[in-house]
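Q: I'd like to ask some things about the structure below.
The values are calculated or read from the model by the stated rules, or taken from the named source; none is laboratory data. Note that the structure is a prediction, hence the values are computed from the model and not measured. FYI the Cβ positions are ideal-geometry reconstructions off the backbone, even for glycines, and counts take in every protein chain you see.
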Amino acid sequence: MGLGRRPLLRAVSGGVVAGALATTGQARSQASYAPMGSLGVDGAADAVVDDDGETVYLATGDGFATVDIADPSSPTLLAEVTGIGEEFTNGPLRSILDVAVAGDELLVSGPAQRGTFRGLVVYDVSDPTAPEPATEFVRTGHSIHNADFDGEYAYLTNNLPSDRPLSMYDVTATNEDGERAPEQVGRWSPLQYDADVDGWSEMGLFPGTIHDVTVHDGVAYCCYWDGGTWMVDVSDPANPSYLGRVGDYPLERLVELATDLEEGDSAEFRQLFGEAPGNDHYAAVNEDATVLAVGGEAWDDPTTPGGGPADLDLYDISDPANPEQVATVEPEDATDTTRGGTWTTAHNFDIHGDRLYTSWYDAGVKVHDISDPANPERLAWWLRPEEARFWTAQVATPGETFVASSYGIDGRRSALYVFPDREGEQADRPSLLGEQGTTTVRTTTTQSATGTTETTATETTETTTATTTESGSGSGSGSESEAEETPGFGVLAALGGLGYGAYRYLRRGEE
């Protein structure tokens, strides 16, 4: 079949859709650190930035949105695309929480959580006001929690119960009609490729579950939750090979935990699934791939306190076969760090040059100088926990701007924020500790041998005007249920407290 029915495209003239509300902040001169501008976008989850640093692509649950940030004080909605794959039985695609951009093309895949309609498609975004499908929508036999894209290959997380592999698709492949139709060309799993890594097949399907993947210069950095983060040579996707691994658990302990789960130890399951250590969630490297950052995602379980929130570790991977942890960026304290409390765990992030841009949900966004990876230095930090729950932070124009998306659940804004890429201190930084005290910075270095709520004012020493704009309600993801909106592994994460029953649910995989 051809490229199929065109998904619904809402091109936006003047940056505000019908019914949207735009408000302009009072001009003020201020030297403290704050967002330059923001835009409410329903369903905002992951965000990526194009090469020129002026267009942002947002996953929005039921599709994606394009945003112009050429004027950082007034982000403008360019287009929204929904109804992807609606021509298929069980379509359209939902639970789209991740997108990836390469040049003029955007990879869209999902669902991030369980679902019967699963697949991927590449869009031509050379005109971000009018994205067009560049390939057929290709159905997969598995959900796709996260993915990466280099313009030629799509790298997909695949949590089929057989081996939880990284799956690789050639997006330049064509069908018999000469139309582009992505085709799987390779896969890699620490379970399937036991010949590369002796003994890892004994780890079992869980805790060895793939959550995310980042690909840089022919190397895939695969986050296998408690199984650690694996470095895999994918320069030839048809013949991937193991390079190295970092992780909190040795193989022997993971085998023990897998055995405990098989025997139905619910307490062990709750601790393993939801709490640190482990929980490798997201990874990124610097330009020359000598520094690897791995962030966890964890909350305290009320029955086993002390296992959250998760931190972010920095590794020297000059020799991938012999990685060395050099530092840890700790999360912030909060009065309640359970899933029902204040979320201060690490989430998605970016490295550019000597800077690390991080998101910490309710604990805001931070910028660190990692020119000395063993001694990360915080340069900037902004949070407003009642307003924003930050999902990711990504550089836009180095030295000028970075962006961060806020996930609109539990009353927070669903929005995109633009921040200045410079050193600064928030003047009115709120406490995460309530009446117990003020929020403190916890950056620890360790050595190792192995809808709108408020108008955001522009912060600058010049007198300028910031704009907060809303597209739709900007307060949630619309059609996505609260369970589907849960981060981590979504429904499965929410079931963590059910222990062994949830584990059995996981093992049923994609049936």
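Q: Working carefully through the options ALA374, ALA380, find the one that is in a loop (DSSP other than H, G, I, E, B) and hydrophobic (A, V, I, L, M, F, W, C). Lay out the reasoning, then the answer.
A: Values: ALA380 fails: in a loop (DSSP other than H, G, I, E, B).
From the options ALA374, ALA380, the qualifying one is ALA374.
Q: Can you find a residue in the stretch 23-31 that is at pLDDT below 95, of a type in the set (Val, Ile, Thr) and on the phi < 0 side of the Ramachandran plot?
A: yes
Table: residues versus (1) charged (D, E, K, R); (2) modelled with pLDDT of 95 or more; (3) crowded, with 17+ Cβ neighbours inside 10 Å.
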{"site": "ALA20", "(1), (2), (3)": "no, no, yes"}
{"site": "ALA34", "(1), (2), (3)": "no, yes, yes"}
{"site": "ASP46", "(1), (2), (3)": "yes, yes, yes"}
{"site": "TYR57", "(1), (2), (3)": "no, yes, yes"}
{"site": "ASP62", "(1), (2), (3)": "yes, yes, yes"}
{"site": "ASN90", "(1), (2), (3)": "no, no, no"}
{"site": "VAL108", "(1), (2), (3)": "no, yes, yes"}
{"site": "ASP127", "(1), (2), (3)": "yes, yes, no"}
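Q: For the stretch 321-335, check the following and say yes or no: at least one residue is in a loop (DSSP other than H, G, I, E, B), at pLDDT below 95 and not small (Gly, Ala, Ser).
A: Yes: the stretch 321-335 contains one or more residues that are in a loop (DSSP other than H, G, I, E, B), at pLDDT below 95 and not small (Gly, Ala, Ser).
Q: Just need a number here: residues in the stretch 223-275 that are modelled with pLDDT under 75, surrounded by 18 or more Cβ atoms within 10 Å (Cβ to Cβ) and either touching a strand residue (DSSP E or B) at 6+ places or on another chain (Cβ under 7 Å) or on the phi > 0 side of the Ramachandran plot (or both).
A: Residues in the stretch 223-275 being modelled with pLDDT under 75, surrounded by 18 or more Cβ atoms within 10 Å (Cβ to Cβ) and either touching a strand residue (DSSP E or B) at 6+ places or on another chain (Cβ under 7 Å) or on the phi > 0 side of the Ramachandran plot (or both): 2 in total.
Q: Count, please, the residues in the stretch 309-343 that happen to be surrounded by fewer than 18 Cβ atoms within 10 Å (Cβ to Cβ) and aliphatic (A, V, I, L, M).
A: Looking only at that region, the number is 1.
Q: For LEU77, indicate whether it is modelled with pLDDT of 95 or more and either over 20 Å from THR401 (Cα atoms) or touching a Lys or Arg at 6+ places or on another chain (Cβ under 7 Å) (or both).
A: In short, no.
Q: Identify, by number, the condition in (1) modelled with pLDDT of 95 or more; (2) over 26 Å from SER235 (Cβ atoms); (3) of a type in the set (A, V, I, L, M) that ALA181 doesn't meet.
A: So ALA181 meets the others, but not (2).
Q: Given the condition touching an Asp or Glu at 6+ places or on another chain (Cβ under 6 Å) and crowded, with 20+ Cβ neighbours inside 10 Å, answer yes or no: does some residue in the stretch 352-361 qualify?
A: For the stretch 352-361, residues touching an Asp or Glu at 6+ places or on another chain (Cβ under 6 Å) and crowded, with 20+ Cβ neighbours inside 10 Å: present.
Q: Does ALA289 satisfy the condition of being modelled with pLDDT under 80 and under 26 Å from ALA346 (Cβ atoms)? Walk me through it before giving the result.
A: Working: modelled with pLDDT under 80: no; under 26 Å from ALA346 (Cβ atoms): yes.
Considered against the rule, which asks whether it is modelled with pLDDT under 80 and under 26 Å from ALA346 (Cβ atoms), ALA289 comes out as no.
Q: Can you give me the number of residues within the stretch 158-185 that are in contact with a Ser or Thr (Cβ under 8 Å, 6 or more places away or on another chain) and at negative phi?
A: Pass one, the stretch 158-185, residues in contact with a Ser or Thr (Cβ under 8 Å, 6 or more places away or on another chain): 158-159, 163-167, 171, 179-182, 184.
Now narrow it down to the ones that are at negative phi: 158-159, 163, 165-167, 171, 179-182, 184.
Here the count works out to 12.
Q: Run down LEU97, LEU78 and say which single residue is within 20 Å of the chain's Cα centre (by Cα) and hydrophobic (A, V, I, L, M, F, W, C).
A: Only one candidate qualifies: LEU97.
Q: For the stretch 152-178, what are the residues that are loosely packed, with under 15 Cβ neighbours inside 10 Å, at pLDDT below 95 and of a type in the set (Asp, Glu)?
A: GLU176, ASP177 - these are the residues of the stretch 152-178 that are loosely packed, with under 15 Cβ neighbours inside 10 Å, at pLDDT below 95 and of a type in the set (Asp, Glu).
Q: Restricting to the stretch 179-192, count the residues that are part of a strand (DSSP E or B) and surrounded by 24 or more Cβ atoms within 10 Å (Cβ to Cβ).
A: 1
Q: If you don't mind, there's one more thing I want to ask. When ILE351 is evaluated against the numbered criteria (1) more than 19 Å from the chain's Cα centre (by Cα); (2) in a strand (DSSP E or B); (3) of a type in the set (A, V, I, L, M), which criterion, by number, is the only one it fails?
A: So ILE351 meets the others, but not (1).
Q: If I go through the stretch 372-427 residue by residue, how many of them are loosely packed, with under 15 Cβ neighbours inside 10 Å and polar (S, T, N, Q)?
A: So the count comes out to 1.
Q: Among the residues of the stretch 401-415, is any within 22 Å of ALA283 (Cβ to Cβ), of a type in the set (Lys, Arg) and under 21 Å from the mean Cα position of the chain (by Cα)?
A: No, that holds for no residue.
Q: Any residue in the stretch 207-218 that is charged (D, E, K, R) sitting within a Cβ distance under 8 Å of a residue that is not in a strand (DSSP E or B)? List the pairs, counting only those 6 or more apart or interchain.
A: Qualifying pairs under 8 Å: ASP212/HIS145; ASP212/ASN146; ASP217/ALA289.
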